[in-house]
Amino acid sequence: MAPVKTILVVEDELKIARLVRDYLEQAGYSVLGAPDGESGLKLWRSHSPDLVVLDLGLPGMDGYDIATTMRRESMVPIIMLTARTEETDKIVGLELGADDYVTKPFSPRELVARVRALLRRVDGGEPGPEKIRAADIEIDVPKMRVTVGETTVDLTPTEFEILKTLAASPGRIFTRGQLLDVLHGISFESYERAIDAHIKNLRRKIEPTPGSPFYILTVYGVGYRFSDA
Ligand code: CA
């Protein structure tokens with residue numbers, strides 16, 4: 001049997017925290033709960049959970065601060081819970097390196113499905129090639145390691161999956177919707193701008209000149225493709 005995965009839930013609203021805990025436990029996960037950012041970070045450091053469900057609006061340190069702190073130290077998968085409906089807030093969360101987000105009010109079932117999809121991706125997902133080489137980028141799939149030339153770059157699970165998908169088929173055009181499908185396994189509502197935020201992060205990490213990309217090219221009005229030059 002696979003070891004039980006631990007999920008850290010940082011959420012100050014007790015009702016929501018309890019609901020999320022119940023559903024995740026029912027799905028077979030072990031759950032750690034924290035009502036604020038400081039105790040969340042403490043639990044994260046002491047227990048190294050497999051995934052973090054992070055509320056954006058928290059007393060004291062908010063979700064943005066916590067995500068930024070976590071990302072400085074690790075690539076742990078992060079799903080943001082946001083009550084804010086403005087698209088820009090969600091995109092900011094993703095730009096800070098969160099892997100996914102769910103907008104309140106949300107269905108706990110959908111959250112569990114997202115957790116499962118994200119963990120499956122981190123575990124390697126469907127079998128495929130172990131190594132992908134495209135231009136001077138090398139992707140070691142089982143190790144989730146990416147090198148650009150001689151430099152190793154740290155990617156979040158989501159950035160890794162997008163790069164892996166694009167680089168495995170240089171020249172092939174992927175629409176934002178197709179990239180979303182790859183990420184979620186199932187197609188949820190279409191957060192197409194989210195893909196743009198992840199691509200922006202990826203470019204910042206791998207492109208010599210992010211403003212004038214060499215590897216990941218925009219296909220205007222359609223999506224993205226990896227350079228086949
Ligand atoms: Ca809150």
Restrict the check to segment 21-35 and report whether at least one residue is farther than 22 Å from R116 by Cα and either assigned to a helix (DSSP H, G or I) or within 12 Å of the ligand (Cβ to nearest atom) (or both). yes
Determine whether segment 44-51 contains at least one residue that is in contact with a Lys or Arg (Cβ under 9 Å, 6 or more places away or on another chain) and buried (at least 22 other Cβ atoms within 10 Å of the Cβ). yes
Would you check which residues across segment 1-20 are touching a Phe, Trp or Tyr at 6+ places or on another chain (Cβ under 8 Å) and either part of a strand (DSSP E or B) or within 16 Å of the ligand (Cβ to nearest atom) (or both) and list them? T6, I7, L8
Conditions (1) charged (D, E, K, R); (2) more than 16 Å from the ligand (Cβ to nearest atom); (3) in contact with an Asp or Glu (Cβ under 7 Å, 6 or more places away or on another chain): number failed by E95: (3)
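Among the residues of segment 20-43, is there at least one that is farther than 24 Å from P105 by Cβ, in the same structural domain as E73 (by TED's automatic domain parsing), hydrophobic (A, V, I, L, M, F, W, C) and at pLDDT 95 or above?
The answer is yes, given that some residue of segment 20-43 is farther than 24 Å from P105 by Cβ, in the same structural domain as E73 (by TED's automatic domain parsing), hydrophobic (A, V, I, L, M, F, W, C) and at pLDDT 95 or above.
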Criterion: within 23 Å of R71 (Cα to Cα), modelled with pLDDT of 90 or more and more than 15 Å from the chain's Cα centre (by Cα) - qualifying residue of R133, R204: R204
Taking R109 and the conditions (1) touching a residue at least 12 places away in the same chain (Cβ under 8 Å); (2) in contact with a strand residue (DSSP E or B) (Cβ under 9 Å, 6 or more places away or on another chain), which numbered condition does it fall short on, given that it satisfies the others? (2)
Of the conditions (1) more than 10 Å from the ligand (Cβ to nearest atom); (2) surrounded by 16 or more Cβ atoms within 10 Å (Cβ to Cβ); (3) within 16 Å of T82 (Cα to Cα), G40 fails just one. Which one is it? (3)
Determine whether segment 92-111 contains at least one residue that is within 18 Å of D65 (Cβ to Cβ) and at pLDDT 85 or above. yes
Given the conditions (1) more than 24 Å from R203 (Cβ to Cβ); (2) buried (at least 18 other Cβ atoms within 10 Å of the Cβ); (3) touching a residue at least 60 places away in the same chain (Cβ under 8 Å); (4) of a type outside the set (S, T, N, Q), every one holds for L54 apart from (3)
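The values are calculated or read from the model by the stated rules, or taken from the named source; none is laboratory data. Predicted model only: the values in this text are computed from it and were never measured. In this analysis, Cβ positions are derived from the backbone assuming ideal geometry, glycine residues included, and neighbour counts consider all displayed protein chains.
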